[in-house]
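Participant: Before anything else, here's the structure in question.
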Amino acid sequence: MIPVGLSTLSPREPVKKMAVAAQARAAGHYRPLVEQGFLRHEELVLATAEAVRKRMELATVLMDRYRIPKAAIGAALAEFFHCPFLAYDERMIMERDLLKDLSLDYLRMNHWVPLRRQGDGIEVLIDDPHNPDKLLDVRRAFPGQALSYRVGLRRDIEQCLSSVHGRETGDAITDILGELVSEAQLEEQQNATIAAITENDSAIVRLANQIIAEAYRQGASDIHIEPYADRKETSVRFRVDGTCFTYMKIPAAYRRAIVSRVKIMASLDIAERRKPQDGKIRFKLSIGQEIELRVATLPTAGFNEDVVIRLLTTNGLRRVEELEFSSETRRLVGQLAHKPYGIVLCAGPTGSGKTTTLHAILASINTDERKIWTAEDPIEITQDGLRQVQVHPKIGLTFAATMRAFLRADPDVIMIGEMRDKETADIAIEASLTGHLVFSTIHTNSAVETVVRLLDLGCDPFNFSDAMLGVLAMRLCKRICQNCREPYHPSRAEFDELVQAYGALDWERLQLEYGPAFTLFRGRGCEACNQTGHRGRVPIHELMVVSDCMKGLIQARARTGELRALAKKEGMRTLLQDGIEKVTQGLTTYQQVRAVAIK
C-alpha cells in the first residue's frame with residue numbers, strides 16, 4: 001500500500017514546487033515596480049502565477065503582458081542585487097576567446113555569459129548574481145581572474161549566446177572573427193608572413209559580406225574600416241543616424257586583406273596604395289535585395305589604407321508632404337518649383353538629405369508637359385518621367401559636359417547632382433537665363449553663404465542675381481524615439497536659452513510663454529533606440545527667396561551679414577529657428593539642433 005500523503009505526488013511535483021519557490025523569490029525583486037506605480041500588487045501575483053504556469057521568466061511576462069519598460073525592470077534588479085543592469089545591445093562586442101572552453105548549451109541552461117575583458121578582470125552577465133552555485137561555476141571557469149558582474153534578463157543572455165552561435169544570421173561575425181583569430185595564432189606559430197594572408201581567403205570574403213549586410217540591417221549610412229600600424233587591431237565603425245560607433249575589431253594581421261577584398265569588390269587597383277581611389281559595389285543581400293555602395297579609399301599613416309563605404313539610400317522616392325517642411329516653407333518651395341526659369345539650389349553637408357529633397361520637388365512637377373533631365377553621380381533615386389544620366393568623369397562625361405548636352409536636348413527642367421566648379425555654375429546660369437528651370441545641390445553651411453560661395457567661384461554677379469530664385473539649406477537632427485518619448489516641464493533657464501537662441505523679437509510670433517503648461521519632450525531610452533532616446537532623424541530647413549532688394553545686394557557683392565539681415569527681415573526662418581520650432585513640437589531636442597545648426 002502507498003503511504004498516505006505520497007499518493008498525490010507526481011514525479012514532477014518536486015520540480016514544480018522548486019519553480020514556484022524560484023518565481024516567488026523573483027517576485028520580491030520587482031516589488032519596487034509596485035511602489036513606483038507600474039503595476040498593482042495583485043497584478044504582480046497574477047504575473048508570478050502565469051510565469052510558473054507557462055514556465056517563463058517573470059520579467060518576460062511583465063514586459064510582454066503588462067508592458068513594463070525594460071529600463072524599469074533593470075532598475076529594480078540593479079537595486080535588489082546591488083549590481084549594474086546590462087540590457088542586450090546588438091552593437092555589443094563580445095570576446096569570443098572567453099567562450100572557447102565553455103559549452104554554449106551549459107551557459108544557456110545556467111543563464112550566464114562572459115562578455116569581455118575589463119582591465120585585469122572579466123565582465124560577466126548573469127541572471128542571479130546572488131546564486132552561490134553559479135558564482136562558483138564562474139570562478140572555476142576563470143580561476144585567478146578578477147570578476148565583475150552585471151545582472152541581466154535571461155532572454156538577453158539568450159540573445160547574446162544566439163548572436164555568438166550564429167543561429168539568427170547564418171555566419172555570425174563572432175564566428176568569422178574566431179576563425180581569423182585562430183588562423184592568426186596558427187600563423188604566428190608557423191612564423192608565416194602577413195603577405196601569405198590573401199583577400200581571397202574564405203573567412204575574409206564572408207567577413208566583408210557580413211559587415212555590409214549587418215550595416216544595412218542596422219540602418220547605417222557609412223562603414224569606416226580603419227587599419228592601424230604596430231600590430232593594433234583594425235577598427236570597423238558604423239555611422240547610424242549621423243553618429244559613429246565601433247562595431248567590431250579585426251585582428252591586425254588581416255588589415256590589408258580586408259581592405260584588398262573591398263577594393264576587389266569595387267573593381268579598384270589593389271596594388272595602388274599611394275593615392276585615393278573611388279569605386280562602386282552592387283551588393284546582393286541574402287533576402288534577394290540589391291543595394292549600391294560607394295567606396296572611397298585613402299592612404300593613411302603607417303602605409304595603411306582607410307576605406308569608407310557609403311550605403312546609398314534605399315528609401316525610394318519621397319513626396320514633398322513627407323519632408324516635414326513648415327507650412328510657409330512648403331508654400332514657397334512649391335512656388336519656386338513652378339517658376340518657368342531660374343536656379344534653385346539645395347545646400348548642406350554630405351548626407352543631409354539634399355538629393356532626396358530635390359527628387360521630391362521634381363516629383364511634384366513631373367508631368368507629361370515637362371521634359372526633365374538629370375545629371376547625377378551616382379543615381380541614387382529613380383523615378384519614371386525623368387531622363388537620368390550617370391556622369392563619368394574618367395571618360396570626360398563631367399557635370400559641365402552633361403549640362404552642355406542637355407541644352408541641345410530640348411529640356412524644360414534640369415537637375416545637376418552637384419555644383420562643384422565655376423564651369424558648371426556658369427553653364428547652369430546660362431541655361432536658366434535662356435528659359436530653363438535648373439535645380440542643383442551645393443556643399444555650403446547656410447543659404448546666405450551659398451550666394452557668397454558662388455560669387456567667390458567667379459560667377460558674374462549680375463547674371464547670377466538675375467538667375468537665382470532661392471536657396472534651401474538643410475540639416476538632419478536626431479529624432480526623439482517615438483517608442484519612449486515622454487513629456488517634461490523644462491526649467492526657466494532652459495526656456496530662456498531657447499528664447500535667446502531663437503531671438504527674443506522673433507519668439508513673440510510663436511506665442512509661447514513659460515508656465516506650468518509649457519512642455520518639451522525627451523527620449524527615456526528603450527530597446528528600440530538602444531537606450532539612446534533617439535531613433536531616426538528629422539530635417540530642419542532654411543529657405544532664402546531672392547527678392548529684388550536681395551538682387552541689388554548680390555550685384556554690389558554685399559557681405560554675408562548684410563545678406564543675412566535682409567533675408568531675415570524679409571521673413572527667412574534660419575536653420576536654428578526652424579530647429580527650435582521642431583523642439584517645441586516634440587520632434588527633437590535643443591541639444592541635437594545645436595549640434596548641427598549654428599546661430
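The values are calculated or read from the model by the stated rules, or taken from the named source; none is laboratory data. From a predicted model like this one, the values you see are computed outputs, not experimental measurements. Virtual Cβ from ideal backbone geometry, glycine too; neighbours counted across all protein chains shown. Note: accessible area is taken over every heavy atom of the protein model, side chains too, but ligands, DNA and RNA are not part of it. Shrake-Rupley method; radii C 1.70, N 1.55, O 1.52, S 1.80 Å.
Participant: Mind running the shape call on region 313-457? Use the C-alpha gyration tensor, a ≥ b ≥ c as the square roots of the eigenvalues: rounded below 1.5 for a/c, prolate if a/b tops b/c, oblate otherwise.
Facilitator: Because its axes are fairly even, with a/c under 1.5, region 313-457 counts as rounded.
Participant: Under 18 Å Cα-Cα from K569, which lysines qualify once same-chain neighbours fewer than 8 residues away are excluded?
Facilitator: K551, K599
Participant: Taking +1 at the Cβ of each Lys and Arg and -1 at the Cβ of each Asp and Glu, which of L510, L312, A252 sits farthest along the dipole of the chain towards its positive end, judged by Cα position relative to the Cα centre?
Facilitator: Result: L510, furthest along the dipole toward the positive end.
Participant: Now, a different point. Anything over 31 Å Cα to Cα? Flag those among K100/K263; K70/K280; K275/K422; K134/K232; K70/K582, in the order listed.
Facilitator: K100/K263; K70/K280; K134/K232
Participant: Heads up, I need the accessible area for R387: 1.4 angstrom probe, whole protein in place, Å², nearest 10.
Facilitator: Per-residue accessible area (R387): approximately 120 Å².
Participant: Long-range amide H contacts for E570: which residues qualify at under 5 Å (H placed 1.01 Å from N, peptide plane, sequence gap of 5 or more or a different chain)?
Facilitator: none
Participant: Which angle from 0 to 90°, rounded to the nearest 10, does the C-alpha axis of helix 560-569 make with the longest principal axis of the chain?
Facilitator: For helix 560-569, the angle is close to 80 degrees.
Participant: Report in % the part of the accessible area of the chain that belongs to carbon and sulfur, leaving out ligands and nucleic acids; probe 1.4 Å.
Facilitator: Ligands and nucleic acids excluded, carbon and sulfur reach 50 percent.
Participant: Follow-up question, since we're still on this one. Give the lysines reachable from K54 as a straight Cα distance under 17 Å; neighbours fewer than 8 places away on the same chain don't count.
Facilitator: K16, K17
Participant: While we're here: Looking at the chain only, what percent of DSSP beta bridges run antiparallel? Nearest 5 please.
Facilitator: Percent antiparallel among DSSP bridges in the chain is about 65.
Participant: Right, something else. Under a 1.4 Å probe, what is the accessible area of the chain per residue, stated in Å²?
Facilitator: With all protein chains present, the chain gives 50 Å² per residue.
Participant: Find the eigenvalues of the gyration tensor of the Cα atoms of the chain, then list the square roots of 5 times those eigenvalues as equivalent ellipsoid semi-axes, largest first, in whole angstrom.
Facilitator: Working through the eigenvalues yields semi-axes of 54, 34, 20 Å.
Participant: Check which residues have an amide H placed less than 5 Å from Y149's amide H, if you skip close sequence neighbours.
Facilitator: The list, which skips near neighbours in sequence, is V124.
Participant: Continuing with the same structure: Leaving ligands, DNA and RNA out of it, work out the accessible area of K568 with a 1.4 Å probe and give it in Å² to the nearest 10.
Facilitator: Roll a 1.4 Å probe over it and K568 shows about 90 Å².
Participant: I'd like the accessible area for K339, computed on protein heavy atoms only with a 1.4 Å probe and all protein chains in place. Round to 10 Å², please.
Facilitator: Roughly 90 Å² of K339 is accessible to a 1.4 Å probe.
Participant: Grab the DSSP H runs of the chain that are 4 residues or longer, score each as -39,500 (n - 2.57), total them, divide by all residues and round the 222 nm result to the nearest 500 deg cm²/dmol.
Facilitator: -12000 deg cm²/dmol
Participant: Nearest 10 degrees, 0 to 90: what angle lies between the long axis of helix 173-189 and the longest principal axis of the chain (Cα atoms)?
Facilitator: Relative to the chain, helix 173-189 is tipped by roughly 80 degrees.
Participant: Using a/c under 1.5 as the rounded threshold, could you call region 287-352 rounded, prolate or oblate? The axes a ≥ b ≥ c are square roots of the C-alpha gyration tensor eigenvalues, and prolate needs a/b larger than b/c, oblate otherwise.
Facilitator: prolate
Participant: Protein chains only, probe 1.4 Å: how do T48, T398, T350 rank by accessible area, largest first?
Facilitator: From most exposed to least exposed: T350, T398, T48.
Participant: If you don't mind, another one. Using θ = phi - 60° and the Karplus curve 6.51 cos²θ - 1.76 cosθ + 1.60, what whole-Hz ³J(HN,Hα) does each residue of region 265-278 get, with Gly and Pro shown as x?
Facilitator: 4, 8, 6, 9, 7, 6, 7, 8, 10, 9, 9, x, 9, 10
Participant: Could you name the lysines whose alpha carbon sits less than 21 Å from that of K371, not counting residues in the same chain fewer than 8 places away?
Facilitator: K339
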